[in-house]
Amino acid sequence: MTATPIPPCWSNAEIQVAAQVDAGGLEFGDPAADAVFSAVHQTVPLARVAKGGAREPVTEAEVLADLCQPLVSNEPLIRFITGIAGRGKSHFVRWLRVHTPPRNDWHIVYIEKRNTSLRRIIEQVIDGIDAPSATSLRASLARAASRVTTVPEAMLALLNHLHRLVEFDDTPIIQNLSGSDLAEIRARVARLIGDYTFKQQLSRSGGPIERIAKLAKDGHEPGRDVNAEDLHLTEADLKVDPEEFLDAGTDIQRRVRDLTMNRSFRAAAAAILDYYLPRAAADVFTGSSTDLLQVFEDVRGELARRNQQLVLFVEDLVLLHGIDAQLAQALTIPARHDLCRIRAVIAVTTGYLDDRYATFAERGVHYTMDVDLAAVDVGDLRSFVGRYLNAGRVGREELAAAASTGAPTPNKCTDCVYRDRCHPVFGVTREGYGLFPFNSAAVDHLVALASPRSFDPRNILRMVIREPLAIAEAELSTPGRFPSARFGASLTPTRMSVPVELRDTIARQSNSAQAEISLRAFYAANPPAADDGLLPIAAVFGVALTELAADDDSDIQPIAEPAPKGPAPASEIDKWVAGSRLAGSTTQKIRRWILDALAARLLTGPHGLSVKRSASNILIGQLTIRPANVVIENAAGGGSAPPDNFTIEFRSNDRDGVLLKGIFAAVSGDPVGPNGGRWFFEMQHRLARLEAEVVKAAKHDAKADITAALAILGVLSSVDGRQADSPASALAIMIRPKRPVGLNPKILGFLSAVELYRLKALTVVRDSLTQRKGTGATSIFDAGAVLASLLPSVRGAELGADLRDYASDRLALAGFHDKQAKAAQDMWAPVRDLVGKINGYVSEDEDEDLPATAKIMDDFVTQAHRASALTRQDGKEAYDRLRPDGERLSTLRTLTRAVQSPPTPSAVWELTSDPIPMLTEMLQYWHLCDRLLQSLRDPVDGAAGATDTYNRARLQTALRDLANTLEGLTKG
């Protein structure tokens, strides 16, 4: 195919100006802006809303005639243009202003969206009025502007005024608050809003105070929506972070906690602040002495003296937030001999005129721009797009030049050298504007996606004109590139009108796949079929179309009017690829089919593995593959987080969509499925990769589990004191260790705490080294793999550092080492305490001969008992009962050495017998000795006191001499 390109015939800069999403972006009174506005204006349906809510269709001319009708009553003539955001209300108000005939007896005030602050709005109202109140107001506005020069200053001033009003105003009722309830909450709110930190929190970036201050000070930014709810304070706006008040006083911290924890208090506080917000805004930005009602009366009085009417055009009532209530009140006052008559047309977002404006709303007639898309003629929609295309081609200067002479809007296509080739291929609107780079079908499809339910000009400007034309300008110079995947991506990124199997086929065969998919999705009369009108468009764009079965579908009919309002119904998988969530019932079928296919491959493969089904799972040796291992993006029924390994994943893309369509078709009984069954072979490649991963893990990863299991069993076998002299005896000890009689109760507690680790380790040994046969009995069949590991593993005192954090699906050792370490600490702590206390009587010096010292004590007690010199009658019996033997004294020395350093986890096994009773009796023995010798301390060394120990030579000498003396006394 020979490409016959047509270059871009518009200026993107001019398109950006002409297709601004808000009419407020075009300055009223500027010749170029006015010319662009007239060039792009397109008539759209309107409806007059009756009192009961019924709608009667009307035309723009009828609304204009209604506004300009002769006034026969003194009642104000108020016309509201209503609709949800983006419906063109401001645009229509501007059209009415443009087409309002000039009259000397009308004083017209036009309030634009374009950067119109509260100050500028009031200045426009009093423009040309020389009444004293107007002069005073101008001075007040100037003073207010000089005090507030930045947005931060404006926010602080606004909050300070709020604080003053909340604290000192005596309004008796605010919403449902009154009396003592209102007084109490008002006081609490005043204390909060008077706090500097609290003001900072309310002034946070993007918050309502910032939005209100910006709008009131600088006016509306063209192209940005201002929602009525954004201009009010709500309960959610008062959710401050208590952590931000840690440096504040305790009183304010308590009050902030009350606010954050009590939703009803927040709601009441927000209601009070929001009540005063408009008044505070008016005070800050227009001056606290401003009485707008008086100003409006003075303006109307001056106009009455001039015999003029006040005609007010407001592009958006939300611009007047802060003075809107006073304006509403002023506009409802009937005319009299000293007040002029009023006409007003006001654009207002649906829902803005709530109960606060009930009287104001009831005084006017309401026209709505909320119209169903079906009510808009398809030709009008194409004309809507075509007018903007033409404005972008002609440009502001040429449009302004034509308008200045009264000539009609120029058509740039008239003298275009590509016209004869372009118009037959891409089409024209009924005004003769070429649709290039679109065609009629592309406009219809894009508009239906951008504005699916009601006529939404703002979305059409953004997504049908501005974005696609910017992309076209960048891509048209490269044949085969436009329309790329970026074209219309914000509307339908996956091109749902082209099924996933066709997109996948095109992606495999075409060198310009994305451009072809976009052409079939948007430019085809009946997507995805390539009709006769699509072929020449593809030639212009340099895109070679792939031969698809869909192109030969005999059921396809030429496009009819009106154009389809959306893409054709898509399958569940197509919707999933487009971003919808896949239902749990569907994913369950897909996951089951995949696991069945995997099990079949493993069973028939030359792997020698035991493969079993257990409920929905597959058991391969020690591994378990679950439905969760089949990971499907954005799908229900997947459970919690997917496993880290052995997964087969499906992403929301065309290729994986084809695979899931094939699986679903197979489950439903279709043996072929999409793309002639090729999906099945690709699915087998995916399964082969998963199969290889599972087989490798089942054969090789088991060794790591066995090593970890034997380590656990080896540590726990340390309780058994038997010696292992063969692998068989080692295995017997580890499988069933014997517990000695009188085992330390704390060791029993430790063994109980880690019993779960032991059971899991035994399970690993059983599952890895045995197989179930017949009725379920187990038999060893692969013990040879671990024979060399049995003797080194038995009686391993503690886990090696390399195993302490070991974890697998079946066995995790994390925590075992910590439990053993804690058990050692708990067991040795009382031992260390008792040994320390004994060392208060007995030296830690190992040169001390404790048996010799005890023997001397024996002689002393014996002689003292014979001489009746002991201080207590049962002293000899108590001494004999507590007297330690040599083994206990030796054990004391051993324990004394052991407590010099912190215990390791393996120290658990050093206390298989509980030493606490023995140490307790030994402490009692040395304490008794100390009491018996209290009166026998060496007076010379008395300064040492009772802390003297028995390890000194002089003490032994003194005891020996004392014993000899007592013996002599006894004999004498």
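Identify, from the list Ile15, Ile84, the residue that is at pLDDT 85 or above and of a type in the set (A, V, I, L, M). Break it down into steps so the answer makes sense when it comes.
Details: Ile84 fails: at pLDDT 85 or above.
Going through Ile15, Ile84 in turn, just one is at pLDDT 85 or above and of a type in the set (A, V, I, L, M): Ile15.
Under 25 Å from Thr350 (Cα atoms), at pLDDT 90 or above and surrounded by 14 or more Cβ atoms within 10 Å (Cβ to Cβ), is that true of Leu77? Spell out the reasoning first.
Working: under 25 Å from Thr350 (Cα atoms): yes; at pLDDT 90 or above: yes; surrounded by 14 or more Cβ atoms within 10 Å (Cβ to Cβ): yes.
Considered against the rule, which asks whether it is under 25 Å from Thr350 (Cα atoms), at pLDDT 90 or above and surrounded by 14 or more Cβ atoms within 10 Å (Cβ to Cβ), Leu77 comes out as yes.
Within the range 902-923, the set of residues being within 54 Å of the chain's Cα centre (by Cα), closer than 16 Å to Asp833 by Cβ and part of a loop (DSSP other than H, G, I, E, B) comprises Pro902, Pro903.
Being within 34 Å of the chain's Cα centre (by Cα), assigned to a loop (DSSP other than H, G, I, E, B) and not polar (S, T, N, Q), is that true of even one residue in the range 648-657?
Of the range 648-657, the ones within 34 Å of the chain's Cα centre (by Cα) are 648-657.
Retained after the next criterion (residues that are assigned to a loop (DSSP other than H, G, I, E, B)): 651-653.
Those still in the list that are not polar (S, T, N, Q) too: 651.
Taking every residue of the range 648-657 in turn, at least one turns out to be within 34 Å of the chain's Cα centre (by Cα), assigned to a loop (DSSP other than H, G, I, E, B) and not polar (S, T, N, Q).
On the basis of being under 21 Å from Ser90 (Cα atoms) and in the same structural domain as Leu64 (by TED's automatic domain parsing), does Leu353 make the cut? Step through it out loud before you land on a result.
Working: under 21 Å from Ser90 (Cα atoms): yes; in the same structural domain as Leu64 (by TED's automatic domain parsing): yes.
Judged against the criteria, Leu353 is a match.
Okay, residues lined up against (1) under 16 Å from Glu921 (Cβ atoms); (2) among the aliphatic types (A, V, I, L, M):
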| site | (1), (2) |
| --- | --- |
| Phe816 | no, no |
| Lys822 | no, no |
| Met827 | no, yes |
| Leu834 | yes, yes |
| Asp845 | no, no |
| Pro851 | no, no |
| Gln863 | no, no |
| Tyr879 | yes, no |
| Glu887 | yes, no |
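The condition (being within 30 Å of Thr494 (Cα to Cα) and among the polar types (S, T, N, Q)) is satisfied by just one residue among Ser652, Ser718: Ser652.
In this structure, does Phe455 turn out to be touching a strand residue (DSSP E or B) at 6+ places or on another chain (Cβ under 9 Å), crowded, with 24+ Cβ neighbours inside 10 Å, farther than 23 Å from Arg520 by Cα and not polar (S, T, N, Q)?
For Phe455, the condition - touching a strand residue (DSSP E or B) at 6+ places or on another chain (Cβ under 9 Å), crowded, with 24+ Cβ neighbours inside 10 Å, farther than 23 Å from Arg520 by Cα and not polar (S, T, N, Q) - is met.
In the range 174-181, is there at least one residue being in a loop (DSSP other than H, G, I, E, B), on the phi < 0 side of the Ramachandran plot and either modelled with pLDDT of 85 or more or touching a His at 6+ places or on another chain (Cβ under 9 Å) (or both)?
We begin by selecting, within the range 174-181, every residue in a loop (DSSP other than H, G, I, E, B); these are 175-176.
Among the residues that remain, those that are also on the phi < 0 side of the Ramachandran plot are: 176.
Cutting the leftovers down to either modelled with pLDDT of 85 or more or touching a His at 6+ places or on another chain (Cβ under 9 Å) (or both) gives us none.
Scanning the range 174-181 turns up no residue that is in a loop (DSSP other than H, G, I, E, B), on the phi < 0 side of the Ramachandran plot and either modelled with pLDDT of 85 or more or touching a His at 6+ places or on another chain (Cβ under 9 Å) (or both).
Among the residues examined, Asp826 qualifies as charged (D, E, K, R) and at pLDDT 90 or above.
When the criteria are applied in full, Val447 meets the requirement of being in a helix (DSSP H, G or I), modelled with pLDDT of 90 or more, closer than 30 Å to Gly53 by Cβ and within 36 Å of the chain's Cα centre (by Cα). Listed conditions (1) surrounded by fewer than 19 Cβ atoms within 10 Å (Cβ to Cβ); (2) at pLDDT 90 or above; (3) under 18 Å from Leu595 (Cβ atoms) are all met by Arg655, apart from (3). Determine whether Ala358 is without any contact (Cβ under 8 Å) to a residue 24 or more places away in the chain, in a helix (DSSP H, G or I) and more than 30 Å from Ile460 (Cα to Cα). For Ala358, the condition - without any contact (Cβ under 8 Å) to a residue 24 or more places away in the chain, in a helix (DSSP H, G or I) and more than 30 Å from Ile460 (Cα to Cα) - is met. Among the conditions (1) at pLDDT 85 or above; (2) not in a loop (DSSP other than H, G, I, E, B), Pro527 misses just one, which is (2).
With the structure loaded, tell me whether Ser752 is of a type in the set (Ser, Thr, Tyr), part of a helix (DSSP H, G or I) and at pLDDT 90 or above or whether it fails that test.
When the stated conditions are applied, Ser752 passes them.
What's the total number of residues in the range 782-834 that are under 13 Å from Val754 (Cα atoms) and part of a helix (DSSP H, G or I)? Going through the range 782-834 one residue at a time, the tally reaches 8. Look at (1) in a helix (DSSP H, G or I); (2) at pLDDT 80 or above and you find that Val284 fails only one, number (2).
For beta carbons closer than 6 Å, sequence separation of 6+ or different chains, a first residue in the range 148-175 that is assigned by TED's automatic domain parsing to the domain that holds Ala271 and a second that is assigned to a loop (DSSP other than H, G, I, E, B), the qualifying pairs are Ala154/Val148; Met155/Ser203; Ala157/Val148; His163/Gly194.
Could you check how many residues of the range 647-671 are in contact with an Asp or Glu (Cβ under 7 Å, 6 or more places away or on another chain) and among the hydrophobic types (A, V, I, L, M, F, W, C)? Matching residues across the range 647-671 total 3.
Residue-wise test of (1) free of Cβ contacts under 8 Å to residues at least 24 places away in the same chain; (2) within 30 Å of Thr368 (Cα to Cα); (3) assigned to a helix (DSSP H, G or I).
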| residue | (1), (2), (3) |
| --- | --- |
| Ala400 | no, no, yes |
| Gly406 | yes, no, no |
| Arg458 | no, yes, yes |
| Val464 | no, yes, yes |
| Gly488 | no, yes, no |
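Does Val443 satisfy the condition of being outside the structural domain of His91 (by TED's automatic domain parsing) and surrounded by fewer than 23 Cβ atoms within 10 Å (Cβ to Cβ)? No: the conditions fail for Val443. Taken over the range 527-544, residues that are farther than 21 Å from Glu473 by Cβ and surrounded by fewer than 21 Cβ atoms within 10 Å (Cβ to Cβ) amount to 7.
Kindly indicate which of Val715, Val695 is under 19 Å from Lys760 (Cβ atoms) and either assigned to a helix (DSSP H, G or I) or in contact with a Ser or Thr (Cβ under 6 Å, 6 or more places away or on another chain) (or both).
Values: Val695 fails: under 19 Å from Lys760 (Cβ atoms).
Unique residue meeting the criteria: Val715.
Say we look at the range 893-903 and pick out the residues that are surrounded by 14 or more Cβ atoms within 10 Å (Cβ to Cβ) and either modelled with pLDDT of 90 or more or not aliphatic (A, V, I, L, M) (or both); which of these is nearest to Arg795 (Cα to Cα)? Working first, answer last.
Step one: of the range 893-903, the residues surrounded by 14 or more Cβ atoms within 10 Å (Cβ to Cβ) are 893, 895-896, 898-899, 903.
Pick out the ones that are also either modelled with pLDDT of 90 or more or not aliphatic (A, V, I, L, M) (or both) and you get 893, 896, 903.
Numbers: Arg893: 26, Thr896: 25, Pro903: 18 Å.
Checked the range 893-903; the qualifying residue nearest to Arg795 (Cα to Cα) is Pro903.
Applying the condition of being surrounded by fewer than 18 Cβ atoms within 10 Å (Cβ to Cβ) and not hydroxyl-bearing (Ser, Thr, Tyr) to the range 191-206 and asking which residue is nearest to Leu259 (Cα to Cα) yields Arg191.
Name the single residue, out of those in the range 361-396 being outside any helix (DSSP H, G or I) and under 23 Å from Ala441 (Cβ atoms), that is modelled with the lowest pLDDT.
Of the residues in the range 361-396, the ones outside any helix (DSSP H, G or I) are 363-372, 376-377, 395.
Pick out the ones that are also under 23 Å from Ala441 (Cβ atoms) and you get 372, 376-377.
Details: Asp372: 77, Val376: 81, Asp377: 83.
Result: Asp372.
The values are calculated or read from the model by the stated rules, or taken from the named source; none is laboratory data. Computed from a predicted model, the values in this text were never measured in an experiment. For neighbour counting, all protein chains shown are included, and Cβ atoms are generated from backbone atoms with ideal geometry for every residue, glycine included.
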